[in-house]
Amino acid sequence: MKRSVFLYLISSFVISCSSGQNSPKENQQQTSNQETTDENTCSWCGTSEAPENVTWNAEIPIVGESKEILMISGTVYLQDGKTPAKDVIIYVYHTNSEGIYPKNGDETENGKYHGYLRAWMKTDSSGRYQFETFRPAPYNSHEGEPAHIHYNVQAPGYPEYWLTALWFDGDPRITDEYLKKIERSGGFSNVTTLTLDSNNVLQGERNIILEEFD
C-alpha cells in the first residue's frame, strides 16, 4: 500500500513539472514578443552597445554593397506626440544586398547575430536623428517578409524596446496580411516613401512617438 502511494506521488510530481514547462519554440515566441528584456539574454537588443561618442547622425558602410545611398531621418517625440525627445538612443540594423546579415567573424555581443550593417544614434535637442546606408534586400525566406530595417529605441531612464521594422513603399511584399501584423508602429506609419534628391540620394523619413511605461 505504501509503495503504491509513493509511486502515485512521484508520477503526479513528474506530470506537474512537465505541464508547467514550455517547449523551446514556445519559449522563443515568448522572448521575441516581450517588449523589453534583460540585455544579457536578449538577442534583439542593441542600444546598450552604443559607442560613447554616439551622435544624432550615423553612417552604415556601403562598401561592396549598392552604390545607391539611402538617407533615413526623423524626429522622436514624447508621448504627447508634439514635444521633441532628446537623448533617445536609436539602434538600427539590416541585411545586405543579398538579404543576409553579413559578418566579419570578429563581431561581439549582438553583432554576432545582427552583423556589421548596424548603427546607433542619440537624438539631439530637437529630437532629430538620421542615418546613411543603402536599401537592404529582403530575406530569401520568412514567408516573403518585406525588405526592412530593424529599429530599437531606448529613452533615458526607460527600458529598450523594439518597433515594427521600417518598410519601403512600393515593395510588393507589403501585403494586407503583413499590414495587419504590425504590432508597434511607433505612433506613425512604419512604411516610408522614398524620394530621389538632387544629389541622387534616396530620402526617407520615420518619426516616432515614445511608448508609455508604467
Are there any trypsin sites (Lys or Arg not before Pro) in region 117-180 that are in a DSSP loop and have at most 16 other Cβ atoms within 10 Å? List them by number. R173
Exposure proxy ranking, count of Cβ atoms within 10 Å, fewest first, for H150, H142, H114: H142, H150, H114
When the chain is fully extended, how far beyond the present Cα-Cα distance does D197 get from Y116, taking 0.36 nm per residue of separation? 26.4 nm
Sequence-distant residues sharing a close amide H with I209 (under 5 Å, placed H): Y77, G187, F188
Measuring from label point to label point, each 7 Å out along Cα→Cβ, what is the Y158 to D176 span in nm? 3.4
Under the 0.36 nm per residue contour assumption, what length would be gained going from the current alpha-carbon distance of E145 and T41 to full extension? 34.9 nm
Testing the spin-label approximation: label points 7 Å from Cα along Cα→Cβ at K67 and E212. State their distance in nm. 5.1
To check you understand DSSP bridge types, tell me what percent of the beta bridges within region 119-214 (both residues inside) are antiparallel, rounded to 5. 75
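Any read-out appearing in this document is the output of simple, stated calculations on the displayed coordinates, not a laboratory observation. Here the structure is a predicted model, which is why all the values come from computation and not from measurement. Cβ atoms come from the backbone with ideal geometry, glycine included; neighbour counts cover every protein chain shown.
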